[in-house]
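Here's the structure we're looking at; comments come further down.
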Amino acid sequence: VRIPVTDGLELGGFYFDGRRNGKCAVVLSHGHTGTRWGGLKYAPLFWKRGCDILSIDARYHGDSTGDFGTYGYFEKYDMEQVVVWLRDKTDLPVDRIGLMGVSMGGAISLQAAALIPELAFVASDAAYADLTQILSERGGRIYGPIVHVITPLAYLLADLRGGMRIAEVSPKHSAREIQAPVFLSHSLTD
């Protein structure tokens with residue numbers, strides 16, 4: 001399927017009709033550099049329960065359009081529109097639709113859930129809590145202390161190029177606004 005979203009972009013996805021029993025639906029989201037194929041590992045969990053499944057490529061990933069990804073800054077609004085598309089496709093109320101994401105997809109799902117209070121649930125596997133925190137931690141491990149000197153300039157350039165604010169990409173801050181039930185899982189080794 002092709003789903004029109006924010007900024008005139010389109011997201012590519014796989015839609016699976018869960019035997020049209022009108023029970024439930026879920027949007028599956030992949031991690032950074034992944035595609036909709038990565039979200040499908042969670043599909044059996046929902047398919048067995050008769051849910052419709054929509055696995056999407058985030059902007060700039062897979063078959064979706066876009067010049068760059070924003071780790072949730074714009075993708076959370078894309079996800080709002082994806083939920084509306086799925087609601088219209090299935091005739092289900094939003095309170096029968098959930099979000100399930102892994103890594104970046106989990107972070108996007110959490111940020112989107114703050115905008116969609118009536119969701120059935122949000123499940124997030126291995127999401128980062130805050131983009132600046134994860135970039136600083138991983139950058140420091142890979143490049144050493146120099147990363148702390150150059151990151152302010154890198155963030156400024158990314159903000160200007162992307163029309164965003166990296167400091168606002170924070171599932172941790174979005175969590176305060178989530179009204180749906182939340183399931184979080186994370187590996188101790190990540």
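Taking every C-alpha pair closer than 8 Å and separated by at least 6 residues, the mean separation divided by the residue count of the chain gives a relative contact order of 21 percent.
For the stretch 1-67, the set of trypsin sites (Lys or Arg not before Pro) satisfying both a DSSP loop assignment and a count of at most 16 other C-beta atoms within 10 Å is given as Arg19, Arg20, Lys23, Lys48, Arg49. Structure remark: mean-square fluctuation, Gaussian network model of the chain, C-alpha springs under 10 Å; the largest value among Asp57, Asp125, Asp91 belongs to Asp91. Note on the chain: dipole from Cβ charges, positive end direction compared against Gly18, Pro145, Thr90; the farthest Cα belongs to Gly18.
Find, among the GluC sites (Glu not before Pro) in the stretch 112-190, those assigned to loop by DSSP (not H, G, I, E, B) with at most 15 other beta-carbon atoms within 10 angstrom. Spell out each step's value before the answer.
Details: sites: Glu118, Glu137, Glu168, Glu177; in loops: Glu118.
Those that pass, being in a loop and sparsely packed, are Glu118.
Accessible area per residue for the chain is 51 Å², calculated with a 1.4 Å probe on protein heavy atoms, without ligands, DNA or RNA. Each label point was placed 7 Å from the Cα along the Cα-to-Cβ direction; for Leu153 and Gln179 their separation is 4.6 nm. Each Lys and Arg adds +1 at its Cβ and each Asp and Glu adds -1 at its Cβ; summed about the Cα centre, the chain shows a dipole of about 500 debye. Using θ = phi - 60° in the Karplus curve 6.51 cos²θ - 1.76 cosθ + 1.60, the 3J(HN,Hα) couplings for the stretch 179-187 round to 9, 6, x, 10, 10, 10, 9, 7, 6 Hz; x is entered for Gly and Pro. For Ala123, list long-range residues whose amide hydrogen, built 1.01 Å from N in the peptide plane, is under 5 Å from its own amide hydrogen. Those lying under 5 Å, H to H, from Ala123 are Leu99, Met100, Gly101, Phe183.
Which percent of the accessible area of the chain is formed by carbon and sulfur heavy atoms (probe 1.4 angstrom)?
The value for the chain is 58 percent carbon and sulfur by accessible area.
Under a 5 Å amide H cut-off, with hydrogens placed 1.01 Å from N, His186 pairs with Ala126 among residues at least 5 apart or on other chains.
For the chain, hydrophobic long helices are taken as DSSP H runs at least 20 Å long by C-alpha position along their axis with mean Kyte-Doolittle hydropathy of -1.0 or more; these are 75-90, 147-162.
Given q = 0.08 Å⁻¹, what are the Debye log10 I(q)/I(0) values for the chain, with equal point scatterers placed on the Cα positions and solvent ignored? The Cα Debye sum returns log10 ratios of -0.25.
The values are calculated or read from the model by the stated rules, or taken from the named source; none is laboratory data. Quantities reported herein were computed from a predicted structural model and do not represent experimental measurements. Reconstructed Cβ throughout: ideal geometry from the backbone, glycine too, with neighbour counts over all protein chains shown. Side chains are part of the model used for accessible areas, which takes the heavy atoms of the whole protein and leaves out ligands, DNA and RNA. Shrake-Rupley method; radii C 1.70, N 1.55, O 1.52, S 1.80 Å.
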